[in-house]
Amino acid sequence: MAKSTIELKKADLTLGSAAASVHVLKSIDLTIEEGEAVGIVGPSGSGKSTLLMVLAGLERLDSGEITIAGTHLHTLGEDALADFRGKNIGIVFQSFHLIANMTALENVAVPLELANVPNAFDMATRELTAVGLGQRLNHYPGQLSGGEQQRVAIARALAPSPAVLIADEPTGNLDTDTGKQIADLLFSKQAERGMTMILVTHDPSLAARCTRQIKVRSGQIEGESAGSTAARQAASA
């Protein structure tokens, strides 16, 4: 029987206040199984990125429940939530979010050091080598291409061996060929490590590579569809 990694129950969230408030998520129920690759799709302003931020532990619900890897995130204080997120959730953003005055190696190793992970620089070296940047360890973000910067961001997200990998428009700032390479890397690492991956994208071809697509509109789940046959076969292999 499949084991669920993520469960949302009646998740509700309003952002802003008074006249400027927006009811972004409306009583959402969602279950994501261990090892699934789930694409979240929908028009701009539908709430999909906010949903992703809730799943990443970066936005708190007003009401409802969120459980990830058996931990009830809605019951945690800020410090405990940050600790859980650092150990269990890897996040890849569209705009890389690298620190400009740190090398590729430091961008991956320093967050590990801050989390008291032993041998942080050795681990960072292995992760960067695994994403094809073994020869670029001491380069700064400004010396790297967009695709290389995203590879650094992926290595940083994967380094703690998270149960869940979150990706928000990971190819959005890249050209078509580079974007495909980054997508290939994400899906290969997800399959290799058996992680649960949640991906927000406007790219239908990228969403189709997921085992399942969740369609969000006006803060609610409008429906879902299965991914491509190849994606489903890969997930069950």
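Quick look at the numbers
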read-out	value
Qualifying residue in the stretch 116-131 (condition: open to solvent by 80 Å² or more (accessible area, probe 1.4 Å), closer than 24 Å to V24 by Cβ and assigned to a helix (DSSP H, G or I))	no
Residues (part of a helix (DSSP H, G or I), among the polar types (S, T, N, Q) and over 12 Å from Y140 (Cα atoms)) located in the stretch 79-114	N88
E65 vs. criteria open to solvent by 50 Å² or more (accessible area, probe 1.4 Å), assigned to a loop (DSSP other than H, G, I, E, B), in contact with a helix residue (DSSP H, G or I) (Cβ under 9 Å, 6 or more places away or on another chain) and of a type in the set (D, E)	no
In the stretch 194-207, residue farthest from T176 (Cα to Cα) [restricted to those that are part of a loop (DSSP other than H, G, I, E, B) and either β-branched (V, I, T) or in contact with a strand residue (DSSP E or B) (Cβ under 8 Å, 6 or more places away or on another chain) (or both)]	M195
Cβ pairs under 7 Å, 6+ apart, first in the stretch 68-80 and in contact (Cβ under 8 Å) with a residue 24 or more places away in the chain, second of a type in the set (S, T, N, Q)	I68/T5; I68/N88; A69/T5; A69/N88
Residue that is modelled with pLDDT under 95 and either farther than 24 Å from K9 by Cβ or touching a helix residue (DSSP H, G or I) at 6+ places or on another chain (Cβ under 8 Å) (or both), where the choices are S225, S218, S205	S205
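Per-residue answers, yes or no, for (1) among the aromatic types (F, W, Y); (2) open to solvent by less than 30 Å² (accessible area, probe 1.4 Å):
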| position | (1), (2) |
| --- | --- |
| Y140 | yes, no |
| Q149 | no, no |
| V152 | no, yes |
| A159 | no, yes |
| P162 | no, yes |
| A183 | no, yes |
| Q190 | no, yes |
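The values are calculated or read from the model by the stated rules, or taken from the named source; none is laboratory data. The structure displayed is predicted, hence computed values, not measured ones. Every residue, glycine as well, gets a Cβ built from its backbone with ideal geometry; the counts of neighbours run over all protein chains shown. Ligands, DNA and RNA are stripped out before the accessible areas are found, and what is left, the full protein with its side chains, is counted by its heavy atoms. Shrake-Rupley method; radii C 1.70, N 1.55, O 1.52, S 1.80 Å.
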